[in-house]
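The values are calculated or read from the model by the stated rules, or taken from the named source; none is laboratory data. It should be emphasised that the depicted structure is a prediction, and the values quoted were computed from it without experimental measurement. Every residue, glycine as well, gets a Cβ built from its backbone with ideal geometry; the counts of neighbours run over all protein chains shown.
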Amino acid sequence: MITDPTILFLISSEGYFGVENMLVNLGVALSRQECRCVVGVFCDARFPHTEIGERASARGLEVEIVPCSGRFDWRAVAGIRKLLDKHQVDVLHTHGYKADIYGGMASWGRRLGLVATCHNWPHSSRSMRAYAALDRLVLRTFDRVVVVSDTVGAILRYSGISDRKLRTIANGVEVERFQYAQPSLKSSSSTLSVVGFVGRLVPGKGADVLLRAAPRVLNRYPNSRFVLVGDGPARQELESLASQLGVTDRVLFAGVREDMPQVYRSFDLLVLPSFCEAMPMCVLEAMAAGKPVIATRVGAVPRLIEEDKTGMLIELGDVAGLSAAILNLLEAPERAQRLGKNGQLRAAEHFSADAMACEYAQLYSEVSKRRDGREKKPHPSTDGGNTPSRSTREIAASRDFNTN
C-alpha cells in the first residue's frame, strides 16, 4: 500500500457553491493528513468559472486549469492524461458528470485508482437527463463511487452499480472557521432579526417559498430582514416576486460573498426550503456557526436536522408551515439558541472536515491496494531528477463498460 498519495481532484464548475466548497474542504483536510492534493478545473473560454481554483489556491492547494471547449474536446482528455503523468497521480477523484466522463476516458489503460463522488444530478432538461444517464453508465468503470445521501445511492444501484463499489461518506465542514467568526451584516448589539438563505438562485432551491412566507413573518416582526446569499438565473424573477409581495425593503439580495463564516454569524436562523438536495453544505455551515436551521425533508437533510434538537423540518412548498416555523424561533430566542448550540456540537462531532478526510483517505487506501507493492517514486520537484521507476496499480486495463 502506498503512503503520502497524490490525489488529483477533477471538477467542472459553474461558480463556487456547495460541491466546490466541499471539495476545497476535503483537499485542505487531506493535506493535513500528508496527502498531496491537486485541484484540476475545467475552463471553457465562453464560461470560464474557475472560482474554485482561486479559492483552492488561496487555501494552499495546487491548482491546474484544464482547457475544454464545446460539448466534447479530445484535447481536454489529453490534457488530463498529461496531468496524471506530471503529478504522478495515485488516485483520480472526480466530481460531477463532466469530470466523471472526461476523467474516465483519460484514465483508460492507466494504473491508478478511480473514485467519484456523486452529489446529485440535474434533471431540468432532456439534455441534462441524458448526461446523467451517461454518467451512471461511466461510473460502472470506477473503483469506488461515493454518495452523500441514500437517494443518490438508490439511483446508482438501480443503474447497475454494485454495492461493493458504493460508499456513503458525509460532507464535512471546518467548524472552527464558523464557530469564532464575527458578524459582518449587522453589529453584535443589533436587535435586528435576520432570516438567512444561502444557495444558488435557481428554480427548485425554494427561495420563492421563503419570500412568500415573509409577509406573515414581517406582520408580526417588522424589524426582521430576509437575506438571500447567492446568485443565479432566477434572481430577477425573485426580485420581482419580492416587489409583488411588498417586501422589497425588507429583503436583501446579497449576491455571492467571500466572507461566509461572518455572514452565517449574522443570521438568527437559516432557511433552506429546497425541493431537491443531497447533503447541503449551507446547512452544515449554519450548524457550525451555531445557528438553528429550518429545512425541507429532502435528501440527507433529516440526517443533519433532528426535529426540535438541531432545527426544524418542513414539507415541500409549505409556505404556511415555513412562516410558522420562522415565527416559532423568533418568538422563542432561547429555544433558537438551544437548537443552534446542539447543531454546532453535532457538526463538530459527526460532520467535520477532518472526519470526512479520514474516510476518504481510507477509501484511497483501499483502491491503492491494487498497486504492485513497489515504493512510489518521489515527485520530480523534490528528488533532484534521480527518480526510480514508479509503482503501478493493477486495475484500469481490464475495465469494461458492461461490468459492475
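Just a few scattered comments:
- Of the set (1) more than 22 Å from ARG140 (Cα to Cα); (2) free of Cβ contacts under 8 Å to residues at least 60 places away in the same chain, all apply to ASP100 but (1).
- Of the residues screened, ARG200 is one that is of a type outside the set (A, V, I, L, M, F, W, C), within 25 Å of ARG59 (Cβ to Cβ) and in the same structural domain as ASP268 (by TED's automatic domain parsing).
- Close contacts from region 151-175, counting a first residue that is touching a residue at least 12 places away in the same chain (Cβ under 8 Å) and a second that is assigned to a helix (DSSP H, G or I) and basic (Lys, Arg), with Cβ to Cβ under 6 Å and a gap of 6+ residues or different chains, come to SER159/ARG136; ILE161/ARG140.
- Filtered residues of region 243-288 (kept if hydroxyl-bearing (Ser, Thr, Tyr) and without any contact (Cβ under 8 Å) to a residue 24 or more places away in the chain): SER243, THR248
- In summary, strands (runs of 3 or more DSSP E) completely within region 1-106 and bearing 3 or more residues that are modelled with pLDDT of 95 or more, outside the structural domain of ARG200 (by TED's automatic domain parsing) and more than 18 Å from the chain's Cα centre (by Cα) occur at 62-67.
- Residue match in region 125-144 (condition: of a type outside the set (Asp, Glu), modelled with pLDDT under 95, out of contact with any His (no Cβ under 6 Å at 6 or more places or on another chain) and not in a helix (DSSP H, G or I)): yes
- Test result for VAL173, in contact with a strand residue (DSSP E or B) (Cβ under 6 Å, 6 or more places away or on another chain) and within 30 Å of ALA357 (Cα to Cα): no
- Elements of the type strands (runs of 3 or more DSSP E) sitting completely within region 220-320 and holding at least 2 residues that are surrounded by 22 or more Cβ atoms within 10 Å (Cβ to Cβ), over 17 Å from the mean Cα position of the chain (by Cα) and not polar (S, T, N, Q): these cover 224-229, 269-272, 293-296, 311-314.
- The set of residues in region 28-79 being touching a residue at least 40 places away in the same chain (Cβ under 8 Å) and aliphatic (A, V, I, L, M) consists of VAL28, ALA29, LEU30, VAL38, ILE52, VAL66.
- Any chance PHE47 is touching a strand residue (DSSP E or B) at 6+ places or on another chain (Cβ under 8 Å) and of a type in the set (Phe, Trp, Tyr): no
- Boolean, ALA325 is buried (at least 22 other Cβ atoms within 10 Å of the Cβ) and assigned to a strand (DSSP E or B): no
- Residues of region 56-108 that are in contact with a helix residue (DSSP H, G or I) (Cβ under 8 Å, 6 or more places away or on another chain), surrounded by fewer than 18 Cβ atoms within 10 Å (Cβ to Cβ) and of a type in the set (Phe, Trp, Tyr): TRP108 alone.
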